[in-house]
Structure formats: C-alpha cells, structure tokens
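Novice: Questions regarding the structure given below will be posed in turn.
The values are calculated or read from the model by the stated rules, or taken from the named source; none is laboratory data. Keep in mind that this is a model prediction, so the values were computed, not measured. As a convention, Cβ positions derive from the backbone with ideal geometry for all residues, glycine included, and neighbour counts pool all protein chains shown. Protein only, heavy atoms only, side chains kept; ligands, DNA and RNA dropped before computing areas. Shrake-Rupley method; radii C 1.70, N 1.55, O 1.52, S 1.80 Å.
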Amino acid sequence: MVDPRLAEPEQDRASRPAGTSRRLPAEQRRSQLFDVALVLFAERGYSATTMDDIAEAAGVTKPLLYQHFDSKRALYLELCEAISQRIIAQVAEATAVAAGPRQQVELGFAAFFSLVADDEAAFRFLWGRDVPDDPEVGKALRRVEDAIAEAIDPLIDAGLDPEHRLTLAHAVVGMAEGACRRWIDSRQFHYAEGGDILDDDARAASRHAEAERMAVRLADLAWAGLRQVHRV
C-alpha cells in the first residue's frame, strides 16, 4: 500500500494508464525515493525496512529503485550523509552572523531545533530507538555525530587544546541529541491546550514555538558550562 503522505496527487494518478508509474526526470525521481525511504526508515527502523517496502511506498518497481541505489545499505548511507551535511550547513550559516560566543551558542541551538521542527523524520532517522545491526551503517551514524562535533569545535574558543575542545563539542552534540530524542518522543503537536485539533499551519507554529523554547533552554545550559571552561 502506498503511503498516503507520499502518493502522487489523485488527479495525476487518474490521468495515466492503470498499472503504470508516473514518469519523472531522473533527479526528481531520485529525490522522491529519498523522501519515501527517509519516512520508512524513520518509522520502522533500518532492519524492518526492505527495498520492496520502499518501492511499493513510492509506487515504483524494485528494478527502478535499484537503478538509483545499489542496495538498502547504499541508500541508507546516502541519507546519513545528506542529513548530516544539511545540519552542519544550517548551523554554520546561523552562527556565522553571531555577534559573540554567547550568541553563537544560541543561534546554533536555534538552527538545530528549527530543523527538528521542520523535518522530524530526519531526526528520527538519525537518533531513533532502532539500532542497526549492520556494522557499516552503525559506523556511518557515528560519523554523522563526529562530523557535527567537528563543525561545532571551532565555536568553542576558550584557549583549549584541540582534544579538550573536541571532547566538549561531542558533549554539546550529545546534549542536543538527547534533548531532541526526548522532545520528538513526547510531543505530538496535534492538539491545542483546550483540546481542539490543530490544523497544519497551527501544528507547524506550535512546533516552531516549542523549538525556540528548547533552543533557549539548551543554550542557557551549554553557555553556563562553556563560560566556566578552562585548561585542565
């Protein structure tokens, strides 16, 4: 069964012959398969998701899926790389305009949690409860954390030696990861305080308001620690 969130519009489906898949340019099809795979991996985990599942949810044949990705592992690894680069780029862009170290911390967390609010599936994909039993995939997930920590490392400017600074960068990533996991596990954003069901725009606004609060709380905690850091 095709995931209703990922299916093509009904009017497009009705205009083509039954049993055929809507033809898309190669890059557009690849992007669609990426989006479908991300949702399935985020919801089901790596082990429980098959290439058959992805092809069916995307409304394509498995041979077409294999034209774009050699294997489930290859697809998963590409997703890891794409998501990590997106996080790094957005945090770097946000912190580049900071007036000082404190604002760098605030803007970095704000960018991170804004991404969580915009694309929860990406963070469930990276930091969900499923632990892949594939060693190569496990290493790829650890490389994501390493890459984000290395991007944060230069922001910790306290006269520390490189190893000390990188250790603190990993600690900041771990703090953000832990808060992110709890947040997406516990917040649903479907209802207003009075119990009324929120529409899509209201849910998005609720997510972003909560993201801003989370960013401020984490920035306060991180800054309180970083401002006391000294060589040991």
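Novice: Residues being in a helix (DSSP H, G or I) and closer than 15 Å to residue 109 by Cβ: count how many of those fall in region 130-167.
Specialist: 5
Novice: If you don't mind, there's one more thing I want to ask. Every residue in region 133-151 that is of a type outside the set (Asp, Glu) and either in contact with a helix residue (DSSP H, G or I) (Cβ under 7 Å, 6 or more places away or on another chain) or surrounded by 20 or more Cβ atoms within 10 Å (Cβ to Cβ) (or both), please.
Specialist: 137, 140, 141, 144, 147, 148, 149, 151 - these are the residues of region 133-151 that are of a type outside the set (Asp, Glu) and either in contact with a helix residue (DSSP H, G or I) (Cβ under 7 Å, 6 or more places away or on another chain) or surrounded by 20 or more Cβ atoms within 10 Å (Cβ to Cβ) (or both).
Novice: So is residue 130 modelled with pLDDT under 90, surrounded by 14 or more Cβ atoms within 10 Å (Cβ to Cβ) and touching a Gly at 6+ places or on another chain (Cβ under 6 Å) or not? Walk me through how you get there before you give the answer.
Specialist: Numbers: modelled with pLDDT under 90: yes; surrounded by 14 or more Cβ atoms within 10 Å (Cβ to Cβ): yes; touching a Gly at 6+ places or on another chain (Cβ under 6 Å): yes.
So residue 130 fits the description; yes.
Novice: Mind checking whether some residue in region 194-201 is open to solvent by 40 Å² or more (accessible area, probe 1.4 Å), modelled with pLDDT of 80 or more and either in a helix (DSSP H, G or I) or farther than 14 Å from residue 105 by Cα (or both)?
Specialist: No, every residue in region 194-201 fails to be open to solvent by 40 Å² or more (accessible area, probe 1.4 Å), modelled with pLDDT of 80 or more and either in a helix (DSSP H, G or I) or farther than 14 Å from residue 105 by Cα (or both).
Novice: Residue 25 - would you say it is open to solvent by 40 Å² or more (accessible area, probe 1.4 Å), farther than 30 Å from residue 153 by Cβ and either at pLDDT below 90 or under 14 Å from the mean Cα position of the chain (by Cα) (or both)?
Specialist: Answer is yes for this residue.
Novice: Among the numbered conditions (1) among the acidic types (Asp, Glu); (2) exposed (fewer than 15 other Cβ atoms within 10 Å of the Cβ); (3) touching a residue at least 40 places away in the same chain (Cβ under 8 Å), tell me where residue 93 comes up short.
Specialist: All conditions are met except number (3).
Novice: Taking region 109-122, which residues are assigned to a helix (DSSP H, G or I), open to solvent by 10 Å² or more (accessible area, probe 1.4 Å) and not aliphatic (A, V, I, L, M)?
Specialist: 109, 112, 114, 118, 120
Novice: Please determine whether any residue of region 224-232 is surrounded by 15 or more Cβ atoms within 10 Å (Cβ to Cβ) and either modelled with pLDDT under 70 or within 29 Å of residue 130 (Cβ to Cβ) (or both).
Specialist: No, because not a single residue in region 224-232 is surrounded by 15 or more Cβ atoms within 10 Å (Cβ to Cβ) and either modelled with pLDDT under 70 or within 29 Å of residue 130 (Cβ to Cβ) (or both).
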